[in-house]
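Reading through the C-alpha cells given below for one structure.
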Amino acid sequence: MSGFSPGFKRFHRSDDPRLPPGQFVADGFPVLSAGPTPRIERDTWTFTVTDASGGERRWTWAEYQALAQESPTVDIHCVTRWSKFGTSWRGVPVDAFLAHVPNGAGYAMVESYGGYTTNVPLDDLANGRAWIVHEYDGAPLAPEHGGPARMLIPHLYFWKSAKWVRGIRLMERDEQGFWESLGYHDRGDPWREQRTWGD
Amino acid sequence: MGGLTVPGAWLRARLTTRTAETATARTLVFSVPDWPGHLAGQHVDVRLTADDGYQAVRSYSLSAPAGEGVAISVQPVPDGEVSPYLAQELPVGADVQLRGPLGGWFVWRPESPDPVLLVAGGSGVAPLMAMLRARERSGAATPFRLVYSLREPGQRWFRDDLDRYAGRDGGADVHYVYTRVSPDGVVRPAGRLAAADLSAPGWLPQDRPLCFVCGPTGFVEHAANLLVGLGHDAGRIRTERFG
C-alpha cells in the first residue's frame with residue numbers, strides 16, 4: 001500500500017522507452033500558447049540572428065527556403081505531460097544560421113512574432129539538434145502550430161520550440177524568457193524532468 | 001511576485017468533499033495543511049499512486065480561490081486513467097499528492113483595476129470560476145463578464161454561484177452560449193460562439209478589458225481570433241488550452 005489514492009490502478013502501458021518520466025502519450029497534437037495566434041505573412045517574414053555584440057544577420061523567407069533542408073522525424077515532449085512520437089518536420093538546422101555569426105556566446109534567446117521569448121543554452125541549439133521548421137507532416141505549418149516557421153528543439157520540453165519564430169539573440173550570460181521568468185526551468189530536459197525552478 | 005512560488009515538494013492532500021456539477025463532472029475539495037496559497041487561474045499537479053508503485057500525474061486548474069480550500073473540478077474522460085478515478089472512485093477521507101501552485105501568467109489579481117472579460121468553453125470555466133470567486137471574496141468592484149459556451153443546459157457547472165452572480169446584486173454579467181440545445185426561454189438560437197456574444201458595453205476594446213480565454217484548443221483559437229478581430233489588443237488576451 002502506498003498510503004495514497006486507494007484503488008487507483010495503472011490503465012495505460014507507459015513502459016515505452018521513448019517516454020520520459022511523468023509523460024503520457026497523446027494521440028492528437030495539443031496546442032499550448034499564452035495568447036492569440038499571430039498572423040504572419042511569408043512576404044514580410046524575416047529571421048534574424050543577433051550576435052553577442054549586437055551585429056545582425058537577416059534572412060528573408062526566400063533566402064531561408066533556399067538553404068539546405070532536412071526532414072527530421074522526432075519525438076516531442078510537452079511540459080503539460082503529453083508526448084507524441086515520430087512527428088515529421090521539414091526545415092533548416094540552426095547550425096546553418098549560426099555559421100554566419102561570431103561564436104563564443106554560451107546562451108541564446110529565441111524570439112517570436114507576438115513577443116514570446118525563450119532562453120536556450122547555445123549547445124542545445126547547435127550540433128544538429130535544433131531546426132527552424134516550416135512543414136509538419138508534409139504540409140505547411142498551420143498558424144496555431146507556429147506557422148509560417150517555428151523553432152524545433154525536440155530534446156527539450158516543447159515550450160522551448162518557440163512558435164512564430166523571428167530570430168535568435170546570442171548572449172554571453174543567461175537571461176530568462178517568457179515562461180522561464182514565470183517559474184519554468186531554464187533548460188527543460190524532459191529526461192531529467194526539469195519542469196520548473198528547482199527541478 | 002505573489003503566487004510565483006517555486007512548486008517544490010509533493011504535498012499530502014486529503015479529499016474532504018466531492019460535489020456534483022453535472023451528471024458526470026465533480027468538484028473535489030482537498031485539505032492540504034502545507035498549501036502555500038495561490039492566485040486565481042493557477043493550476044496544480046495531482047499525483048496518484050497505485051499499489052504496485054505506478055504513478056500518474058495530471059494538471060488541473062484550481063476552481064476556487066485561496067482561502068476556500070484547494071478545489072479542482074473534473075470532467076471524467078471516457079477511458080481516461082486519472083479523471084474517472086478522481087470523479088468517481090477516490091474515497092472522501094483518502095489522500096493524494098499535490099504539487100503547486102503552477103503557472104504565473106493566466107492569473108487574475110484582485111488589485112488589478114481593469115474590467116475583466118472571461119470566455120469559457122466547457123470545462124474551461126474552472127479557472128475562470130476561481131477568478132469570479134476571488135473577485136467576490138476580495139470585495140473588488142471590478143466589472144466582470146463571463147461568456148460561457150456549453151453544449152446544452154445539462155452541462156452547466158457552478159450553477160448556484162453563477163446564478164447568484166447573474167442575479168440582481170451579484171455584480172457580474174453572465175452570458176451563456178448554448179451551442180447545441182438552448183434552454184426554454186433563451187432567445188439566442190443555439191450555435192457557435194460569435195463576435196456578438198463577446199461585444200457588450202463595458203467590455204468593448206475601448207474599455208481595455210483584460211481577457212481570459214480557457215477551453216479546448218479549437219474553441220480557444222476561435223474565441224481569441226474573434227477578440228482580435230473585434231479590435232482587442234492581443235497583448236491583453238490570455239489563453240489557456242486543454243487537450
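The values are calculated or read from the model by the stated rules, or taken from the named source; none is laboratory data. Everything numeric in this text was worked out from a predicted model, so none of it was measured. A quick note on method: Cβ atoms are made from the backbone with ideal geometry, for glycine too, and the neighbour counts reach across all protein chains shown. Surface areas here come from the heavy atoms of the whole protein model, side chains and all, with no ligands, DNA or RNA. Shrake-Rupley method; radii C 1.70, N 1.55, O 1.52, S 1.80 Å.
Considering only segment B:49-81, state which residues are facing another protein chain (nearest Cβ under 8 Å) and among the β-branched types (V, I, T).
B:T49, B:V57, listed by residue number.
Just to verify a result, which residue in segment B:212-233, among those that are closer than 10 Å to A:P36 by Cβ and touching a Ser or Thr at 6+ places or on another chain (Cβ under 9 Å), is surrounded by the fewest Cβ atoms within 10 Å (Cβ to Cβ)?
Per the criteria, the residue is B:N225.
Just the residues that are within 14 Å of B:G100 (Cα to Cα) and in a loop (DSSP other than H, G, I, E, B), please, taken from segment B:30-62.
Those that are within 14 Å of B:G100 (Cα to Cα) and in a loop (DSSP other than H, G, I, E, B): B:V32, B:P33, B:D34, B:W35, B:P36, B:G37, B:H38, B:L39, B:G41, B:Q42.
Taking the condition out of contact with any Ser or Thr (no Cβ under 7 Å at 6 or more places or on another chain) and of a type in the set (S, T, Y), does B:S83 pass? Steps first, answer last, please.
Details: out of contact with any Ser or Thr (no Cβ under 7 Å at 6 or more places or on another chain): yes; of a type in the set (S, T, Y): yes.
Considered against the rule, which asks whether it is out of contact with any Ser or Thr (no Cβ under 7 Å at 6 or more places or on another chain) and of a type in the set (S, T, Y), B:S83 comes out as yes.
I'm checking my understanding of the structure. Among residues of segment B:98-130 that are part of a loop (DSSP other than H, G, I, E, B) and touching a helix residue (DSSP H, G or I) at 6+ places or on another chain (Cβ under 6 Å), which one is least open to solvent (accessible area, probe 1.4 Å)? Step through it out loud before you land on a result.
As a first pass, look at segment B:98-130 and keep what is part of a loop (DSSP other than H, G, I, E, B): B:103-107, B:109-115.
From what is left, the residues that are touching a helix residue (DSSP H, G or I) at 6+ places or on another chain (Cβ under 6 Å) are B:104-105, B:110, B:115.
Details: B:G104: 8, B:W105: 51, B:P110: 53, B:P115: 23 Å².
By that ranking, first place goes to B:G104.
Here are some residues: B:R164, B:R133, B:R151. Which one is basic (K, R), open to solvent by 10 Å² or more (accessible area, probe 1.4 Å) and closer than 18 Å to B:L28 by Cα? Before you say what the answer is, go through the steps one by one.
Numbers: B:R164 fails: closer than 18 Å to B:L28 by Cα; B:R151 fails: closer than 18 Å to B:L28 by Cα.
Testing whether each residue is basic (K, R), open to solvent by 10 Å² or more (accessible area, probe 1.4 Å) and closer than 18 Å to B:L28 by Cα leaves just B:R133.
How many residues does segment A:51-72 hold that are surrounded by fewer than 14 Cβ atoms within 10 Å (Cβ to Cβ) and part of a strand (DSSP E or B)?
Looking only at that region, the number is 2.
Only one residue in A:V120, A:V101 is within 14 Å of the chain's Cα centre (by Cα) and hydrophobic (A, V, I, L, M, F, W, C), so which one is that?
Values: A:V101 fails: within 14 Å of the chain's Cα centre (by Cα).
On inspection, the qualifying residue turns out to be A:V120.
Only one of these is surrounded by fewer than 24 Cβ atoms within 10 Å (Cβ to Cβ), in contact with an Asp or Glu (Cβ under 7 Å, 6 or more places away or on another chain) and either more than 22 Å from B:R236 (Cα to Cα) or in the same structural domain as B:R151 (by TED's automatic domain parsing) (or both): B:V92, B:V77, B:V57. Name it. Can you show your working first?
Numbers: B:V92 fails: in contact with an Asp or Glu (Cβ under 7 Å, 6 or more places away or on another chain); B:V77 fails: in contact with an Asp or Glu (Cβ under 7 Å, 6 or more places away or on another chain).
So the residue among B:V92, B:V77, B:V57 that is surrounded by fewer than 24 Cβ atoms within 10 Å (Cβ to Cβ), in contact with an Asp or Glu (Cβ under 7 Å, 6 or more places away or on another chain) and either more than 22 Å from B:R236 (Cα to Cα) or in the same structural domain as B:R151 (by TED's automatic domain parsing) (or both) is B:V57.
Being at pLDDT 90 or above, farther than 30 Å from A:R169 by Cβ and in a loop (DSSP other than H, G, I, E, B) narrows it down to one of A:R10, A:R42, A:R18, so name that one. Step through it out loud before you land on a result.
Working: A:R10 fails: at pLDDT 90 or above; A:R42 fails: farther than 30 Å from A:R169 by Cβ.
Among A:R10, A:R42, A:R18, only A:R18 is at pLDDT 90 or above, farther than 30 Å from A:R169 by Cβ and in a loop (DSSP other than H, G, I, E, B).
So, in segment B:133-151, how many residues would count as being within 27 Å of B:S182 (Cβ to Cβ) and in contact with a strand residue (DSSP E or B) (Cβ under 6 Å, 6 or more places away or on another chain)?
Selection size over segment B:133-151: 6.
Take the residues of segment B:34-48 that are at pLDDT 90 or above and open to solvent by 10 Å² or more (accessible area, probe 1.4 Å): which is farthest from the other protein chains (Cβ to nearest Cβ)? Give the derivation first.
Step one: list which residues in segment B:34-48 are at pLDDT 90 or above, which gives B:35-48.
Narrowing further to those that are open to solvent by 10 Å² or more (accessible area, probe 1.4 Å): B:35-39, B:43, B:47.
Numbers: B:W35: 17, B:P36: 13, B:G37: 15, B:H38: 12, B:L39: 12, B:H43: 9, B:R47: 8 Å.
Among those that are at pLDDT 90 or above and open to solvent by 10 Å² or more (accessible area, probe 1.4 Å), it is B:W35.
Identify, by number, the condition in (1) buried (at least 21 other Cβ atoms within 10 Å of the Cβ); (2) closer than 30 Å to B:S83 by Cβ; (3) touching a residue at least 40 places away in the same chain (Cβ under 8 Å) that B:L193 doesn't meet.
Of everything listed in (1) buried (at least 21 other Cβ atoms within 10 Å of the Cβ); (2) closer than 30 Å to B:S83 by Cβ; (3) touching a residue at least 40 places away in the same chain (Cβ under 8 Å), B:L193 misses just condition (1).
Could you give me the residue pairs with C-beta distances under 8 Å whose first residue belongs to segment B:90-112 and is facing another protein chain (nearest Cβ under 9 Å) and more than 13 Å from B:F30 (Cβ to Cβ), whose second residue is of a type in the set (A, V, I, L, M, F, W, C) and crowded, with 23+ Cβ neighbours inside 10 Å wherever it lies, and which are 6+ apart or on separate chains?
B:L102/B:V44; B:G104/B:L39; B:W105/A:W179; B:F106/B:F212; B:F106/B:C214
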